[in-house]
Ligand SMILES: *Cc1c(COP(=O)(O)O)cnc(C)c1O
């Protein structure tokens, strides 16, 4: 039998990507922006684990100006799939990557004189004018030319006839906490450079500084465009930033019960015998583990089954975790369990998983492994539209 992803049975553990919610989140974000402010949908790292191509298509349909990416491979995959919108490559490029960028109209962020020179030369070779976005380091101290040394680099870009200074940008080190002192200092450094350009009558079409946190909390910094990642996926960048009502998480992680065990008092579960039943217990086995990105906890956390919380018992294995379903007597083989997401009135949030992992929500979203296949649902243009993707029944 040949392997064909469309008819192959879905493994009984998967990530579900609700494209209807993604669309709705994008509409809420667009509605919150003043009309002239453009949206760069950040889809780096496979759209934070949601699948870059599906997310890119929805974001562009919902009016995004372009897409933000991190690696050349990510950008080329979208070009190969027929995406013609502007693709902005964040970070720094190696010399060997520049020909690809020019040939495939990928917009490069420039941070220093060497890349400016090399990119200009490459553009001449292709007989093109390459748009660039100048990255200004205003205090984050990652990429970018220092704000107080930016003008000579700007002069250099302007002197290269094969380059177009399309954008200027900076990135905040902390935009989603209550104290905005450093973000405001960074913004004032950025605007001082922009003011100098205005006085010299140097036009820059797209000035952009905001990630999700700054989009929510620093409206005065929106300028011409905002770069939104995590909020589009329905997760707020922090617990204290402004809430946008109606934003909902796009990704869920689900699995089906693949085994049920009855324990007598004193019997144990899993590697290392980390759980001992104090009384008669009913245990469900879910075929998902740390090999899928679930944090390697023991006797901590819960999943949802029949809309109720079933606590994890024992340790997490590579391919399996075990939960106590004694209080959910109706649970049967192949019933659906929610590892992250909602069921009934209950929810396991991305932040709940981040807490188990001792990490941040960004890390949780991007680190579900690909052996959990992505199942897109609600792909229609109406956000409330039901899925037309038929789930392959799993043999019981
Ligand atoms: C990743 C990234 C963003 C998006 O950040 P979110 O907090 O996910 O909105 C914006 N700008 C740059 C430069 C980034 O690297």
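Just to be sure I understand the model, the point goes 7 Å from the Cα along the line to the Cβ. What's the resulting residue 4 to residue 360 distance in nm?
4.4 nm
On full extension of the chain, what length is gained from residue 151 through residue 299, given 0.36 nm per residue of separation minus the C-alpha to C-alpha distance?
The span from residue 151 to residue 299 would gain 47.6 nm if fully extended.
Helix 19-32: angle to the longest alpha-carbon principal axis of the chain, degrees 0 to 90, nearest 10?
Approximately 40 degrees, to the nearest 10.
Test of understanding: what is the full-extension gain from residue 36 to residue 105, defined as 0.36 nm times their sequence separation minus their Cα-Cα distance?
Stretched out fully, the residue 36 to residue 105 stretch lengthens by 22.4 nm.
What angle do you read, to the nearest 10 degrees and between 0 and 90, between the alpha-carbon axis of helix 113-125 and the longest principal axis of the chain?
Relative to the chain, helix 113-125 is tipped by roughly 80 degrees.
In terms of the Cα gyration tensor, with a ≥ b ≥ c the square roots of its eigenvalues, is the chain rounded because a/c is under 1.5, prolate because a/b exceeds b/c, or oblate?
In terms of gyration-tensor shape, prolate.
Pull out a ≥ b ≥ c, the square roots of the eigenvalues of the alpha-carbon gyration tensor of the range 251-348, then state rounded if a/c is under 1.5, prolate if not and a/b is larger than b/c, and oblate in the remaining case.
oblate
Any chance you could run the full-extension gain for residue 84 through residue 158? It's 0.36 nm times the residue separation minus the Cα-Cα distance, nm to one decimal.
Once the chain is fully extended between residue 84 and residue 158, it gains 24.0 nm.
Using a Gaussian network model on the chain with a 10 Å cutoff between Cα atoms, which of 288, 136, 202 fluctuates the most?
Its mean-square fluctuation being the largest, the pick is 202.
Nearest 5 percent is fine: what portion of the DSSP beta bridges confined to the chain is antiparallel?
Within the chain, antiparallel bridges account for around 50 percent of the total.
How do 218, 53, 90, 370 line up, fewest other C-beta atoms within 10 Å first?
370, 53, 90, 218
Taking the beta-carbon count within 10 Å as an exposure proxy, list 8, 182, 236 from fewest neighbours to most.
With the fewest neighbours first, 8, 182, 236 line up as 8, 182, 236.
What residue among 135, 256, 180 has the largest mean-square fluctuation in a Gaussian network model of the chain, using Cα springs under 10 Å?
Evaluated over the chain, the most mobile residue of the options is 180.
Could you state the angle between the C-alpha long axis of helix 52-61 and the longest principal axis of the C-alpha atoms of the chain, as a value from 0 to 90 degrees rounded to the nearest 10?
On a 0 to 90 degree scale, this one is about 60.
Here, each number is a calculation from the coordinates, and none is a lab measurement. Note that this is a predicted model, so its numbers are computed, not measured. When we count neighbours, we look across all protein chains shown, and the Cβ atoms used for this are built from the backbone with ideal geometry, even at glycine.
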